[in-house]
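Q: The structure's right below; bear with me while I get my questions together.
Every read-out reported here was derived from the displayed coordinates using simple, explicitly stated rules and does not represent laboratory data. All of these numbers come straight from a predicted model, not from anything done at the bench. Please note: Cβ atoms are built from the backbone with ideal geometry, for glycine as well, and neighbour counts cover all protein chains shown.
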Amino acid sequence: MVFRLTRALYRGRQFCGAVAAIFRPLTADEQTLVRRHLPETAWPLFAAMARADQRHSLRVLMALQARGETDRALLQAALLHDCAKRLGVRLWHRVARVLAKAFWPGYLARLAARPAPDRTSWRYGLWLLAHHGAVGAELAAAAGCDPLAVTLIRHHEERWQATDPVVGRLLSVLQAADDDA
């Protein structure tokens, strides 16, 4: 019961932060910080993200830096791990996903296992939430990001066992920062 209450409070805080972010674009200093860690060709990916996702990614970056993380690929992944969400994920999709996970998890699993619905379908945003790691990884690769960043983005929401212990550690710290931010 305590876990559910904690999770509900966390989701409530996320929702309020997303709404507040609509009215608070990144400052010039924050944009400079982001640009410092991304290839110039990847800046448009970050700039196209919803403000709430930009703020979240910036919090992930700063959490990693506060822990002393300096790996270039990790910091790129922190900034772009949710970049695919701009392709069709709306706030209501995020709320629906949380509710479906709690009350109808089989539906999300079935939807995720299917091919992508048409982008005009209401289901597309839910499908994209399930696949945004893979889609984001392709976008990051095309934008010239570090190949390790691409790998971290691809697997950031999975329980994936990396064969390389360094990659496994970086993925673990990215996931922890993502969960906390």
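Q: Which order results if Trp160, Trp122 are arranged by neighbouring Cβ count within 10 Å, fewest first? Mind dumping the intermediate values first?
A: Details: Trp160 15, Trp122 11.
Ranked by crowding around the Cβ, least crowded first: Trp122, Trp160.
Q: Just from its helices, what would the mean residue ellipticity at 222 nm be for the chain, if runs of 4 or more DSSP H residues each count -39500 (n - 2.57) and the sum is divided by every residue, rounded to the nearest 500 deg cm²/dmol? Before the final figure, lay out the partial values.
A: On the way: 10 runs with 128 residues, N = 181.
That calculation yields -22500 deg cm²/dmol at 222 nm.
Q: Against the longest principal axis of the chain, how steep is helix 123-142, in degrees 0 to 90 to the nearest 10, with axes from Cα atoms?
A: 20
Q: May I pose another question? Based on the mean of other beta carbon atoms within 10 Å per residue, what is the order of 37-44, 133-140, most packed first?
A: 133-140, 37-44
Q: Evaluate the charge dipole of the chain about its Cα centre and quote only its size in Debye, nearest 20, assuming +1 on the Cβ of each Lys and Arg and -1 on the Cβ of each Asp and Glu.
A: 820
Q: Going by how many other Cβ atoms sit within 10 Å of their own, how do Phe103, Phe46 line up, fewest first?
A: Phe103, Phe46
Q: Separate question: Name the shape class, rounded, prolate or oblate, that the alpha-carbon gyration tensor gives for segment 37-181, where a ≥ b ≥ c are the square roots of its eigenvalues, rounded holds for a/c under 1.5, and otherwise prolate holds if a/b is larger than b/c and oblate otherwise.
A: prolate
Q: A further question on this structure: Once the other residues with Cβ under 13 Å from the Cβ of Ala109 are scored (Lys, Arg +1; Asp, Glu -1), what is the net sum?
A: After counting each charged neighbour, the total is +4.
Q: Compute the angle between helix 28-37 and the longest alpha-carbon principal axis of the chain, please, reported from 0 to 90 degrees and rounded to the nearest 10.
A: 80
Q: While we're here: To make sure I understand, if each residue's beta carbon is the centre and we count other beta carbons within 10 Å, what order do Met62, Met49 fall in, fewest to most?
A: Fewest-to-most ranking of Met62, Met49: Met62, Met49.
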